[in-house]
Structures are given as C-alpha cells and as structure tokens.
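Quick notes on the structure that follows.
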Ligand code: PBE
C-alpha cells in the first residue's frame, strides 16, 4: 500500500474545493438559473409568497395537474429571470400581471386559462384604515379621486424600469403632469389647517411602487409628511386592519386579494377603484410555442429555464 504524503492530500482537497467554487460561481453568473442552463423540466418563476398570484398559481398547478415547481422570489427576481431566459431564447414560464412594464419591454403573452383559475378583469383598489375619513378628510378626499389609466401608470413604471429612485421619479412625473394631478385634488374647503403624518403601506410590485410614490408626492405637495413602508402582502392588509398604516393603493380584487378581503374586509375601508382592467396569469415570451396552460405538461422537455 502506497501512502501519499501530506502535500498530496492538501493538493487533492484544494482541487476539489476549487472545482466546486468555480461551478458555484458559474451558476451565479448565469443570472440565478440554479436549475442549470438548458436543463429540461418546467417550473414557474414566481414572486413573493404572500402575493395573490402565488396562491392562484398553486391552485392552477393542482387543477391542471401540472408537473411543475413554483419558485418563490420577488417582482425583481422574476423580471431578472425573464431577461436571462429571453437573452438565450429559452422557454420560461413566470407568474405575470398587468399593469407591468415587462409587457412594454419584451414580447410576452398570457397562456390561456380555460378553467378560469386566474379570474378575469381585476380592479386595483385604494384601501384605508377605518377612521381615516374622519381623522384626515383632506387625505381621504384625495384617495376618493385618485385613479389613472394604463398609459399614466405605464409612464411612471417606465421611468422606474429605466432606473433611478421611485420617489424621485414620482416627483418628476407629478410635476410634469399637473393637469391630471389637479383633477385628484380635494375641494379647497377640505384643506385642513393641521396637516399630519401619513403612512402608506405597499408591496414592492412595480405597479404598487409607482402608485404609492405618486400619491406620496401629491400629499407632500398638500403639506403632509408621508412615510412609505414596504411590507409583505398579508402585512399590508393586516397593517391596515390594525391601523399600523393609513392606506394602500394596491389592493387587487375580486380574486387576487380575495382571501385577504375575506379575512380583513370588515376591518378596513375600501375607498375607491384607482385602476380598471388589471389581470393576472401565467406569462411566457411570445416565442414559446404553446398558447394554453393545458399544453404545459406535453411540452415539459422544452421548458429549459
Ligand atoms: N400582483 C401585483 C399582486 C397584486 C399586485 C399581481 C403581483 C398579487 O399577486 O398579489
């Protein structure tokens, strides 16, 4: 039996460690596709676990009997994965929704959902804590009027997509869009002499980031001191129910946040619809050659992302 010297084993260990280290780095540089480039087997790139679209997707996986894993992440990791897959024309499925800037950045499509798991048209609602109407009538009156179109929220989301600080982008947009902003402003007689502190709760979804910071900028122009707090979806609803925040501009109904409405509906104030025609579903790049969720199982080997 030949015994190797200490130096030999040190070298072996070093090579093994180095090899693992290098593979690990290559994986990271890949843009986070830990499945490994080109490996078959579908998975759905999801977002934060409390998002309504995540529970809807879990339901879809069950109802369509999909043989896929749902990966948790965030809006930001989902769009990074899309970018990464599209760069290589790999087949990828993500949890997708509109309004979102991803549809102006890339050519994408919703997969048909014949079972209707993802619902139909949704509205985005402004929801306040109970008592805000009495405590801050001027703020409440603004919330009753705040609503905008796809083009309007789209313009703000596009600025955020390009980069920069969402608060600064919203400030610029509000300054440049005074015609619309004036229509949201409360009647003069509601202007309170005593302004105060306002806390807006939101989740870091692009649409929510855009609307939250725009309303913040408008309230600041009215003289309020505004704090925006990013939280998990469940904590946004719970926070409003408990009065930890004053309002949010990003409650999706009837389906997406239906479970939260059921739990907290009688402890909050649904103030106004601020956006119509929102939608959630499973989204793929247009080059993916299937059109329906029902076709996923038969094309498993093509989903390499
Ligand atoms: N979204 C965006 C959220 C609501 C806003 C569709 C990702 C959700 O699924 O809860």
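The values are calculated or read from the model by the stated rules, or taken from the named source; none is laboratory data. These figures come from a predicted structure and were not determined experimentally. Heads up, the Cβs are rebuilt from the backbone with ideal geometry, glycines too, and the neighbour counts pull from every protein chain shown.
Could you please let me know if residue 84 is surrounded by fewer than 18 Cβ atoms within 10 Å (Cβ to Cβ), out of contact with any helix residue (DSSP H, G or I) (no Cβ under 8 Å at 6 or more places or on another chain) and over 30 Å from residue 186 (Cα atoms)? Walk me through it before giving the result.
On the way: surrounded by fewer than 18 Cβ atoms within 10 Å (Cβ to Cβ): no; out of contact with any helix residue (DSSP H, G or I) (no Cβ under 8 Å at 6 or more places or on another chain): yes; over 30 Å from residue 186 (Cα atoms): yes.
Considered against the rule, which asks whether it is surrounded by fewer than 18 Cβ atoms within 10 Å (Cβ to Cβ), out of contact with any helix residue (DSSP H, G or I) (no Cβ under 8 Å at 6 or more places or on another chain) and over 30 Å from residue 186 (Cα atoms), residue 84 comes out as no.
Going through the stretch 45-67 one residue at a time, which ones are away from the ligand (no atom under 16 Å from the Cβ) and within 15 Å of residue 281 (Cβ to Cβ)? Outline the logic, then answer.
Initial filter on the stretch 45-67 (away from the ligand (no atom under 16 Å from the Cβ)): 62-67.
Once the filter is applied, which keeps residues that are away from the ligand (no atom under 16 Å from the Cβ) and within 15 Å of residue 281 (Cβ to Cβ), the stretch 45-67 yields 63, 64, 66.
Using the structure shown, decide if residue 269 is assigned to a loop (DSSP other than H, G, I, E, B) and over 24 Å from residue 96 (Cβ atoms).
On the way: assigned to a loop (DSSP other than H, G, I, E, B): no; over 24 Å from residue 96 (Cβ atoms): yes.
For residue 269, the condition - assigned to a loop (DSSP other than H, G, I, E, B) and over 24 Å from residue 96 (Cβ atoms) - is not met.
Tell me, yes or no, whether the stretch 117-124 has at least one residue that is more than 13 Å from the ligand (Cβ to nearest atom), over 30 Å from residue 243 (Cα atoms), surrounded by fewer than 20 Cβ atoms within 10 Å (Cβ to Cβ) and modelled with pLDDT of 95 or more.
So far as the stretch 117-124 goes, yes, one or more of its residues are more than 13 Å from the ligand (Cβ to nearest atom), over 30 Å from residue 243 (Cα atoms), surrounded by fewer than 20 Cβ atoms within 10 Å (Cβ to Cβ) and modelled with pLDDT of 95 or more.
Counting only residues that are closer than 11 Å to residue 222 by Cα and buried (at least 16 other Cβ atoms within 10 Å of the Cβ), how many does the stretch 196-209 have? Reasoning before the result, please.
First, pick out the residues of the stretch 196-209 that are closer than 11 Å to residue 222 by Cα: 196.
Subsequent filtering for residues that are buried (at least 16 other Cβ atoms within 10 Å of the Cβ) retains none.
The number of residues fulfilling the criteria is 0.
In this structure, is residue 184 more than 26 Å from residue 257 (Cα to Cα) and more than 16 Å from the ligand (Cβ to nearest atom)? Spell out the reasoning first.
Values: more than 26 Å from residue 257 (Cα to Cα): no; more than 16 Å from the ligand (Cβ to nearest atom): yes.
When the stated conditions are applied, residue 184 does not pass them.
Tell me whether the stretch 177-189 contains one or more residues that are outside any loop (DSSP other than H, G, I, E, B) and within 17 Å of the chain's Cα centre (by Cα).
Scanning the stretch 177-189 turns up no residue that is outside any loop (DSSP other than H, G, I, E, B) and within 17 Å of the chain's Cα centre (by Cα).
State whether the residues of the stretch 281-303 include one that is part of a helix (DSSP H, G or I), within 16 Å of the ligand (Cβ to nearest atom) and surrounded by fewer than 14 Cβ atoms within 10 Å (Cβ to Cβ).
no
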